[in-house]
Structure formats: C-alpha cells, structure tokens
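One structure below.
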Number of protein chains: 2
Amino acid sequence: MVRNRPRAVTLRPIGVVHSPFRVREDVDPRRNSRPGGFSDVRGEIEIDPAYAAGLKDITGLSHLIVIFAFHKSGAGHLLVKPPFETRRRGVFSTRSPHRPNPIGMTVVRLLGRRRNILKISGVDMLDGTPVLDIKPYTSRDSKRGVKRGWMRGSRLNR
Amino acid sequence: MVRNRPRAVTLRPIGVVHSPFRVREDVDPRRNSRPGGFSDVRGEIEIDPAYAAGLKDITGLSHLIVIFAFHKSGAGHLLVKPPFETRRRGVFSTRSPHRPNPIGMTVVRLLGRRRNILKISGVDMLDGTPVLDIKPYTSRDSKRGVKRGWMRGSRLNR
C-alpha cells in the first residue's frame with residue numbers, strides 16, 4: 001500500500017522549444033523516414049530571461065537532458081497502442097505522450113549558446129513545447145547492455 | 001522573447017521510492033565511498049495500485065528512466081555550489097536538487113516486478129521520493145562521445 005500519498009507537484013515552464021515540427025503527426029515515427037531518426041533535427045530552446053543565469057557553465061557540455069511537457073497530448077491512459085504495434089502496451093513500458101503525467105524526456109546535443117538561446121540537435125519535440133528542466137547528460141546516464149523487452153522486434157527507438 | 005508564456009503543469013505522483021537512504025546527507029556524493037557509485041544500491045518503486053495496469057509489458061526491459069520529485073530540496077536557485085566545487089555553477093549545468101522545478105531523473109536497472117512493486121538497482125533517491133513517471137530506456141538514450149564540460153576535472157558523476 002502506498003503510505004502517505006504524496007501531494008501534487010506544480011511546475012512552471014522555464015522556456016520553450018523552437019522546432020520544425022508543428023503538429024503531432026510531424027513527430028510520428030511512422031512518418032519519419034530520416035535514416036538517423038531525429039538525431040539530425042535542429043532547433044532551439046529559448047530560456048525565459050528570468051532563468052537565463054542558470055545557463056552559466058553549460059557551454060562545453062555535449063549533451064543535455066531536456067524534460068518537457070507533452071502540451072498537445074490527450075488524456076493519460078494506462079494502456080496505449082504504440083506506433084507499428086497492434087497490441088496495447090502498458091504506458092510505463094512506452095514513450096507515449098498520453099501518460100498519466102504528460103512529461104517527456106529527450107537527450108539532445110548542445111551545439112551552442114547565444115544569451116538565453118540554446119542551439120540543439122536531436123529535436124523530436126513540437127514547436128512551442130514547454131521546457132520544465134535542463135540537466136547535463138553524464139556518463140552515468142549512458143548505459144550499456146540495454147535490453148529492449150517488448151520493443152525488441154519493433155521498428156521503434158532503434 | 002518567450003511568446004505565449006505557457007501555463008503551469010500540475011503532476012500527481014504515481015508511486016513512491018523505497019530506498020536505504022533516509023536523509024539528504026545519505027546521497028551526498030562526498031559521503032559515498034562505494035566504488036560503483038550508486039549502481040549497486042537496491043530499492044523498490046511501489047506504484048499506486050490505481051496506476052499498476054500501466055506496468056504491463058515492463059518485464060524484459062533492462063533499464064528504466066525514473067522521473068521523480070526532489071521532495072526534500074529547498075528553494076530553487078539559479079547558481080549552485082556542487083559537491084567538491086568551490087565555485088558556483090549554473091543550475092542547468094548541474095544535477096543539483098535545488099532547481100527551479102524540483103524534478104530529478106535517474107536511470108535504474110529493473111531487477112523484477114511483483115504486482116505493483118518494481119525491484120530496481122542504481123538507486124540514488126531518498127526513501128519516500130514521489131515518482132512522477134517511468135519510461136523505458138532505449139538505445140536512443142545511450143549516447144557516446146559525451147563531453148562533460150566543467151565537470152571534466154570534477155570527481156562528480158564518473
């Protein structure tokens with residue numbers, strides 16, 4: 001039993017993503033024929049000037065963890081049908097945007113910084129996506145021997 | 001300029017971490033003399049039974065991304081002094097818990113599932129940490145050629 005059920009957490013966006021993708025279909029893996037997936041897609045993160053001081057020392061990091069809101073997703077579901085799949089999967093076993101808490105995580109490459117703007121590649125987020133947090137990606141986040149479970153036979157996330 | 005400043009996002013915990021660490025000092029890297037850091041530390045994630053159906057298909061995944069609330073952190077700062085450091089660094093260049101949005105991200109190894117309980121290792125979270133989301137870690141999340149920027153000379157996150 002979950003004791004002392006914890007309270008809700010309220011987050012305020014620290015910035016916004018500028019991306020070439022306007023609507024959800026633009027980031028649908030079934031429509032993405034790029035050989036490298038999203039890794040070459042460029043965009044920007046525009047940090048609210050009120051938070052820009054927190055970008056100090058970010059130059060020199062090669063990769064950033066971006067935590068963002070799935071602002072265009074619908075209601076959260078516990079079972080979802082991933083792209084290319086016919087069966088429904090448990091949502092916590094998928095990267096579906098239709099989650100109980102609509103937050104996403106993507107690792108991007110940092111190309112440069114100009115004032116409160118980060119230039120990035122590896123963008124799979126929609127234009128206008130609210131950014132909740134940015135963290136440095138470290139070697140602790142880079143795991144070897146990853147087993148993909150139900151995704152093993154899928155065309156997803158290769 | 002950030003146009004159309006997006007609204008706040010309210011998240012509800014889906015579960016809680018059970019961990020050997022009771023207070024913040026227990027997870028301070030300066031006090032952690034384990035050779036593998038936190039990678040061998042075991043714990044559990046107890047999912048609220050209301051969300052347990054979302055765990056379907058999770059067995060077989062080797063690693064999970066856990067997004068959680070830093071429920072014991074103080075006020076968010078834009079400049080923070082990381083462990084082992086004398087200088088203050090931009091918070092988005094650090095993994096400090098004292099962030100504008102107090103959310104954390106850790107990749108854990110999935111050891112097994114029993115009903116609504118996930119047995120995990122790689123725990124660096126405090127006991128009682130509210131879990132906001134769980135996602136499968138895929139090869140897209142495992143980056144090579146990571147440059148650590150200001151952390152290059154640090155004892156952090158090796």
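The values are calculated or read from the model by the stated rules, or taken from the named source; none is laboratory data. Quantities reported herein were computed from a predicted structural model and do not represent experimental measurements. In this analysis, Cβ positions are derived from the backbone assuming ideal geometry, glycine residues included, and neighbour counts consider all displayed protein chains. Keep in mind that these areas ignore ligands, DNA and RNA; they rest on the heavy atoms of the full protein, side chains included. Shrake-Rupley method; radii C 1.70, N 1.55, O 1.52, S 1.80 Å.
Sorted shortest first, the distances from the B:Ala75 label point to those of the same residue in the other copies are 4.1 nm; each point sits 7 Å from Cα along Cα-to-Cβ. Between A:Lys81, A:Lys56, A:Lys135, the residue with the greatest mean-square fluctuation in the GNM of chain A (Cα pairs under 10 Å linked by springs) is A:Lys56.
Within the shell defined by Cβ-Cβ distances under 10 Å, the residues around B:Asp40 carry a net charge of +3, with Lys and Arg each +1 and Asp and Glu each -1.
Using R0 = 35 Å, the C-beta based FRET efficiency linking A:Ala50 and A:Arg152 works out to 0.20. Computed 3J(HN,Hα) for segment B:91-96, one whole-Hz value per residue from the Karplus formula 6.51 cos²θ - 1.76 cosθ + 1.60 where θ = phi - 60°, is 4, 6, 9, 10, 9, 3, glycine and proline marked x.
How well do other chains shield peptide A:49-55, expressed as the mean number of their Cβ atoms within 10 Å of each residue Cβ?
The per-residue average across the peptide is 6.
Using the Karplus relation 6.51 cos²θ - 1.76 cosθ + 1.60 with θ = phi - 60°, the per-residue 3J(HN,Hα) values for segment B:68-83 come to 9, 9, 7, 7, 10, 7, x, 4, x, 10, 8, 10, 9, 9, x, x Hz, with x marking Gly and Pro. Inter-chain neighbour count for A:27-36: the average number of beta-carbon atoms from partner chains within 10 Å of each residue's beta-carbon is 0. Heavy atoms of chains B and A lose about 7200 Å² of accessible surface on contact, summed over both sides with a 1.4 Å probe. Rolling a 1.4 angstrom probe over the protein heavy atoms with all chains in place gives chain A an accessible area of 48 Å² per residue. Among the trypsin sites (Lys or Arg not before Pro) in segment A:20-55, those placed in a DSSP loop whose Cβ has at most 12 other Cβ atoms within 10 Å are A:Arg22. Each residue, A:Val23 and A:Ala75, gets one label point 7 Å from its Cα in the Cβ direction; the gap between the two is 2.3 nm. Amide H to amide H distances under 5 Å link B:Asp133 with B:Ile67, where only residues 5 or more positions off or on other chains count and H is placed in the peptide plane. The ellipsoid equivalent to the alpha-carbon distribution of chain B has semi-axes of 26, 21, 17 angstrom, derived from the gyration tensor eigenvalues as √(5λ) and listed largest first. As a length-normalised measure over Cα pairs under 8 Å and 6 or more apart, the relative contact order of chain B settles at 35 percent.
Count, for each residue of A:100-110, the Cβ atoms from other chains sitting within 10 Å of its Cβ, then give me the mean as a whole number.
Whole-number average of other-chain Cβ neighbours for A:100-110 is 5.
Restriction of the trypsin sites (Lys or Arg not before Pro) in segment A:73-122 to DSSP coil positions whose beta-carbon has at most 12 other beta-carbons within 10 angstrom yields A:Arg87, A:Arg115.
Straight Cα distances below 25 angstrom link B:Lys119 to the lysines A:Lys143, A:Lys147, B:Lys56, B:Lys72, B:Lys135, with same-chain residues fewer than 8 positions distant left out. Net length available on complete extension from B:Ile117 to B:Arg7 is 36.3 nm, with 0.36 nm assigned per residue and the Cα-Cα distance removed.
Between A:Ser139, A:Ser93, A:Ser33, find the one with the highest GNM mean-square fluctuation for chain A; connect C-alpha pairs within less than 10 Å. Result for chain A, Cα springs under 10 Å: A:Ser139 fluctuates most.
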